[in-house]
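*Asks:* Quick one: this structure, given as structure tokens, is what I'll be asking you about.
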Amino acid sequence: WTATRDKSCKLPMPKGSMGFPIIGETCHWFFQGAGFHASRRQKYGNVFKTHLLGRPLIRVTGAENVRKVLMGEHSLVTVDWPQSTSTLLGPNSLANSIGDIHRKRRKIFAKVFSHEALESYLPKIQQVIQETLRVWSSNPDPINVYRESQRLSFHMAVRVLLGFRVSEEEMHCLFHTFQDFVENVFSLPIDLPFSGYRKGIRARDSLQKSIEKAIREKPLHTQGKDYTDALDVLLESAKENNTELTMQELKESTIELIFAAFATTASASTSLIMQLLRHPAVLEKLREELRNCGLLHDGCLCQGELRLDSIISLKYLDCVIKEVLRLFAPVSGGYRIATQTFELDGVQVPKGWSVMYSIRDTHDTSAVFKDVEAFDPDRFSPERSEDREGRFHYLPFGGGVRSCLGKQLATLFLKLLAVELAGGSRFELATRTFPRLISVPVVHPTDGLRVKFFGLD
Ligand code: HEM
């Protein structure tokens, strides 16, 4: 299982351990979470080798190293997800496309996240968030925030983005199948009964069947600019680019969009709620900003329709969301493969090796952030703008040609959630202490974060 060095290159291989045969260090990774990468980085440096999910891997941290990997797409590296992820997302997904095909697919998808499209989703996203917070507040028991945030982001993706009209019961089934899918997207590629990989394949097949049914039953609105959901925009955009999407492409794109939105947004929502609980002064400053902009009156949010531009104009809110995504970046990094041997931090990355660039470790070790472990939204204020000091020090949404397509949508969702929380809810931690965090597959609290919501008095 040990991939070899490039003998024609004089540079040494990165330091590191390859763990046990076949499984490598996968078990250490699952159990140690974020600590796994941090401990190895401290021991071996910013570029180290390991063996995860069935293959050798070079893990890369630090803005300059990450810049080289992300800007080297096509020349030094190309995309290379673990086999389980690649199989479960399918050959037509963006994640699995490269070169011109990737560029073309991205162009089609881009319209789904345009300013105009986001404006049309906004009232529906707001409505889904308000309904969810009402349900949380009416529950006499504490809420498991991470689990319920998953439900909220799934709801947003299925009802708002895709416009599927499914019953509550169907939604419940879809949600559980989707959880099985997500839990096994990063699994050892061993196709045996009861293996995670087999469970993931079964979940994918079942999802594709339900999605095909929902797409066939869905009324499509692709006339003019009066979009109702992202699926309509996607179909219209494909038409404008002279492409017909096949049913298989639509099913894979749909699953990819929900997958990309689901765990990431739930993780960020949970981290946001946790930080607002930990830092009442930040919550109060958010309320003050809402009051100053006329959005909050006598402790109540103004009921008028919120516009995208008014959300974008809330500067402190922007800082809060940025800081949550810096300190608790939901995605720990991205996978690539070296298409030629190249140098990184004085060591060789041999052709054919998998490379994982690191987001969270890069944030955690970046010298541009003062008091790097502190939750300090003002570091993103116009006066300080610490993120402007270097392009690849802050990258919760990745960078380069494969950066997150849903970045604006995710940010909008988190901002709307923060506005509703600051303006229309009271909430308290229901445990004595804050829970520990784990980072696989995305950052989340071990107990899900137990919070009692009260709504407004
Ligand atoms: C890619 C983060 C939400 C759609 C990515 C990547 C990151 C990321 C780091 C790049 C991975 C790489 O370099 O390989 C996040 C975070 C989110 C979020 C932190 C929430 C806080 C969303 C949402 C959507 C979305 C809501 C869409 C509904 C995508 C897509 C890609 C992507 C389609 C693949 C782009 C490509 O391969 O060209 N995301 N994401 N993401 N994201 Fe997001």
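The values are calculated or read from the model by the stated rules, or taken from the named source; none is laboratory data. Keep in mind it's a predicted model, so treat the numbers as computed, not measured. Cβ placement follows ideal geometry from the backbone for every residue including glycine, while neighbour counts extend to all protein chains displayed. The area values use the complete protein model at the heavy-atom level, side chains included, leaving out ligands, DNA and RNA. Shrake-Rupley method; radii C 1.70, N 1.55, O 1.52, S 1.80 Å.
*Asks:* If I ask for residues that are open to solvent by 30 Å² or more (accessible area, probe 1.4 Å) and either among the β-branched types (Val, Ile, Thr) or touching a residue at least 12 places away in the same chain (Cβ under 8 Å) (or both), which ones from the stretch 376-387 would you list?
*Replies:* Asp376, Asp378, Pro382, Asp387
*Asks:* Given Ser210, Ser267, Ser237, Ser253, which one is within 11 Å of the ligand (Cβ to nearest atom), at pLDDT below 95 and part of a helix (DSSP H, G or I)?
*Replies:* Within the list Ser210, Ser267, Ser237, Ser253, the selection yields Ser253.
*Asks:* Restricting attention to the stretch 48-74, report how many residues are assigned to a loop (DSSP other than H, G, I, E, B), within 16 Å of the ligand (Cβ to nearest atom) and open to solvent by 20 Å² or more (accessible area, probe 1.4 Å).
*Replies:* 1
*Asks:* Residues to consider are Val324, Val355; find the one that is farther than 20 Å from Arg384 by Cβ and open to solvent by less than 10 Å² (accessible area, probe 1.4 Å).
*Replies:* After ruling out the rest, the residue left standing is Val355.
*Asks:* Please find, within the stretch 402-429, the residue that is nearest to Gly455 (Cα to Cα) out of those that are near the ligand (Cβ under 7 Å from one of its atoms) and surrounded by fewer than 22 Cβ atoms within 10 Å (Cβ to Cβ).
*Replies:* Leu414
*Asks:* Only one of Gln248, Gln223 is at pLDDT 90 or above, more than 23 Å from Leu188 (Cα to Cα) and open to solvent by 50 Å² or more (accessible area, probe 1.4 Å); which?
*Replies:* Being at pLDDT 90 or above, more than 23 Å from Leu188 (Cα to Cα) and open to solvent by 50 Å² or more (accessible area, probe 1.4 Å) holds for just one of Gln248, Gln223, which is Gln248.
*Asks:* Oh, and also: In the stretch 388-401, which residue that is aromatic (Phe, Trp, Tyr) and more than 7 Å from the ligand (Cβ to nearest atom) is surrounded by the most Cβ atoms within 10 Å (Cβ to Cβ)?
*Replies:* Here the residue is Tyr394.
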